[in-house]
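One structure below.
The values are calculated or read from the model by the stated rules, or taken from the named source; none is laboratory data. Source: prediction; values computed, not measured. Cβ placement follows ideal geometry from the backbone for every residue including glycine, while neighbour counts extend to all protein chains displayed.
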Amino acid sequence: MADPKGFLKTQERELPKRRPVSVRLMDWKEVYEQQQSGELKRQAGRCMDCGVPFCHQGCPLGNLIPEWNDLTWRDEGRQASERLHATNNFPEFTGRLCPAPCESSCVLGINQPPVTIKQVEVSIIDAAFQNGWVTPHPPERLTGKTVAVVGSGPAGLAAAQQLTRAGHTVAVYEREDRIGGLLRYGIPDFKMEKKQIEQRLAQMTAEGTRFRAGVEIGRDIAWDDLRARYDAVVVATGATVPRDLPVPGRDLSGVHFAMDYLVQQNKAGAGDRVDDQISAEGKHVVVLGGGDTGADCIGTAHRQGALSVINLAIGQQPPTERPESQPWPMAPTVFEVASAHEEGGERVFLASTVEFLRNEVGEVRAVRVAETEYLDGRRVPKSGTEREVPADLVLLALGFTGPERDELEAQLRLPFDAKGNLERDAKYQTTEPGVFVTGDAGRGQSLIVWAIAEGRATASAVDAYLEGTTVLPFPVKPTDRPISV
Ligand SMILES: Cc1cc2nc3c(=O)[nH]c(=O)nc-3n(C[C@H](O)[C@H](O)[C@H](O)COP(=O)(O)OP(=O)(O)OC[C@H]3O[C@@H](n4cnc5c(N)ncnc54)[C@H](O)[C@@H]3O)c2cc1C
Ligand code: SF4
């Protein structure tokens, strides 16, 4: 522990500032400014190096948080980066995008604001890239075994990097034209600029991982052909089926799934020509759904020049403080003000969508909403409370029901569980020997940190399957979940 009195001397939690709203709405760059190194060290010095570091159990990756807090405080950036990479392949993604369950379980959080763990993490990895400390780690010998990873989101990439470093010859297949999964085409640039993906892919390519973008398994190559070609297959295809809202008017022009909208903007941002792009420019926008995807739509709509943005959520507004029912060290559900919420628009809770209303040419003109009431534990529209909310563009950000099934069922006969996710055993293997499932495809829509943790664990299971033994880490079981009451 660097400074035994750090948490007494520095009681305030300081995060870097967000750029002014009026400035950041004019571009697509990340919203945070860089933190001064003196302030970062003071914040890292608040870590108490607890005898039982509860931050570890909050993190599915088991990140060695007190160690790299200490190294940051001591200005040992290179070593901090090594300790960070010991448990996390991609801290530049989690350091920007993770909701940081580690901070919810930080011991300091019992009676003070928790350590700024996520900020320390992103500062370590940014400095590591800037200083050239992130170098390729190619394997010392090749095993001669081949692995196909299908899907290039954080789960697939983590599995691929671990397996390549273990000496296997790994090819990552991705149906989109660029590698990255939701990091590439879901998450907007203002949350994470795509150069973060490029610099990590450069390292992985130099290590020997092969990337095959623009190839859809199940259509361009049949799943069973792929299985026959490779010694093992990792299915990392995500949970991409969006939840729909089958109310009257759903088929009107102007009502879209959030992902159709976000993917197009990410492609346009990458310089691609997008014909008939769905745009919020000059429109009244209604975003249905209060999660990450909804917030990403809000930020995107404001940058495109929306006239107004209203976010409707069916549930009630969460409390601003940790509720008694979700005590430390649980990750509580609290009212979040993401950068996108700060940029404008209105958030309405307990709003049930009843119908989409059309104008004379068949486009959406308004959403009819009612207050939500709870009947027998079910959320239903309360009669007599209906009103119209003007809308030229409606974005459905209502979550995802699970992975796409058809080709996997037809070609590999893989079973799905009661929640619609791909079934796997305690070692991530499906009923088809040598075929493994990782990330959202097996867990359901989750978080990047869980996807990376699962990718690492799946690589360990695949290595053991191919070699009979493994030294790769196995950080999470498929059944592990955040702690809850
Ligand atoms: C809009 C949005 C914002 C989010 N923001 C956050 C956030 O801020 N923080 C956070 O922690 N989590 C966030 N999440 C959740 C997070 O992105 C996911 O949990 C994570 O990306 C899952 O990783 P994955 O590798 O399992 O799958 P994905 O990232 O979904 O990647 C799966 C990939 O497989 C490809 N694929 C599918 N089928 C095939 C096939 N047959 N052949 C070839 N390729 C195929 C897909 O094209 C896709 O690229 C967000 C999710 C969304 C939708
Ligand atoms: S729980 Fe908080 S204070 Fe304790 S070691 Fe982890 S980060 Fe440091």
Within the range 100-124, considering residues that are within 10 Å of ligand 2 (Cβ to nearest atom) and in a helix (DSSP H, G or I), the one surrounded by the fewest Cβ atoms within 10 Å (Cβ to Cβ): Ile110
Residues that are over 20 Å from the mean Cα position of the chain (by Cα) and away from ligand 1 (no atom under 16 Å from the Cβ): which helices (runs of 4 or more DSSP H) entirely in the range 1-96 hold 3 or more of them? 6-9, 21-24, 37-44, 65-73, 77-85
Only residues that are closer than 20 Å to Thr94 by Cα and within 11 Å of ligand 1 (Cβ to nearest atom): list them for the range 130-177, please. Gly151, Ser152, Gly153, Pro154, Ala155, Gly156, Leu157, Ala158, Ala159, Ala160
Given the criteria more than 29 Å from Val449 (Cα to Cα) and touching an Asp or Glu at 6+ places or on another chain (Cβ under 8 Å), does His284 qualify? yes
How many of the residues making up the range 7-48 are within 16 Å of ligand 2 (Cβ to nearest atom) and under 30 Å from Leu262 (Cβ atoms)? 1
Taking the range 429-485 and keeping only residues that are of a type in the set (D, E, K, R) and surrounded by fewer than 20 Cβ atoms within 10 Å (Cβ to Cβ), one is left with Glu432, Glu467, Lys477, Asp480, Arg481
Scanning for something of a type in the set (Ser, Thr, Tyr), more than 22 Å from Asp224 (Cα to Cα) and either touching a residue at least 12 places away in the same chain (Cβ under 8 Å) or not in a loop (DSSP other than H, G, I, E, B) (or both), does the range 460-472 turn up at least one residue? yes
State whether the residues of the range 315-324 include one that is crowded, with 17+ Cβ neighbours inside 10 Å and either free of Cβ contacts under 8 Å to residues at least 12 places away in the same chain or closer than 29 Å to Gln57 by Cα (or both). no
Out of all the residues in the range 150-181, which are out of contact with any strand residue (DSSP E or B) (no Cβ under 8 Å at 6 or more places or on another chain) and either under 16 Å from Val435 (Cβ atoms) or within 16 Å of ligand 2 (Cβ to nearest atom) (or both)? Ala155
Return yes or no: is Arg387 modelled with pLDDT under 95 and either touching a strand residue (DSSP E or B) at 6+ places or on another chain (Cβ under 7 Å) or of a type outside the set (A, V, I, L, M, F, W, C) (or both)? no
Within the range 184-201, is even one residue touching a strand residue (DSSP E or B) at 6+ places or on another chain (Cβ under 8 Å), in contact (Cβ under 8 Å) with a residue 60 or more places away in the chain and surrounded by fewer than 24 Cβ atoms within 10 Å (Cβ to Cβ)? no
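For (1) out of contact with any Phe, Trp or Tyr (no Cβ under 9 Å at 6 or more places or on another chain); (2) among the aromatic types (Phe, Trp, Tyr); (3) not assigned by TED's automatic domain parsing to the domain that holds Pro433, each residue gets a yes or a no:
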{"site": "Asp224", "(1), (2), (3)": "yes, no, no"}
{"site": "Tyr230", "(1), (2), (3)": "yes, yes, no"}
{"site": "Val233", "(1), (2), (3)": "no, no, no"}
{"site": "Ala258", "(1), (2), (3)": "yes, no, yes"}
Filter the range 328-354 down to the residues that are buried (at least 17 other Cβ atoms within 10 Å of the Cβ) and among the charged types (D, E, K, R), then identify the one that is nearest to Arg481 (Cα to Cα). Arg347
Among Val389, Val361, which is the only one that is assigned to a strand (DSSP E or B), out of contact with any Gly (no Cβ under 9 Å at 6 or more places or on another chain) and over 22 Å from Leu262 (Cα atoms)? Val389
Take Val369 and decide whether it is farther than 19 Å from Ala148 by Cα, out of contact with any His (no Cβ under 6 Å at 6 or more places or on another chain) and within 16 Å of ligand 2 (Cβ to nearest atom). no
Condition first: closer than 21 Å to Arg178 by Cβ, surrounded by 15 or more Cβ atoms within 10 Å (Cβ to Cβ) and of a type in the set (A, V, I, L, M). Now tell me which residues in the range 227-276 satisfy that. Val234, Val235, Ala236, Ala239, Ala258, Met259, Leu262, Val263, Ala268, Val274
Kindly indicate whether any position in the range 383-394 is surrounded by 21 or more Cβ atoms within 10 Å (Cβ to Cβ), within 24 Å of Gln264 (Cα to Cα) and out of contact with any helix residue (DSSP H, G or I) (no Cβ under 9 Å at 6 or more places or on another chain). yes
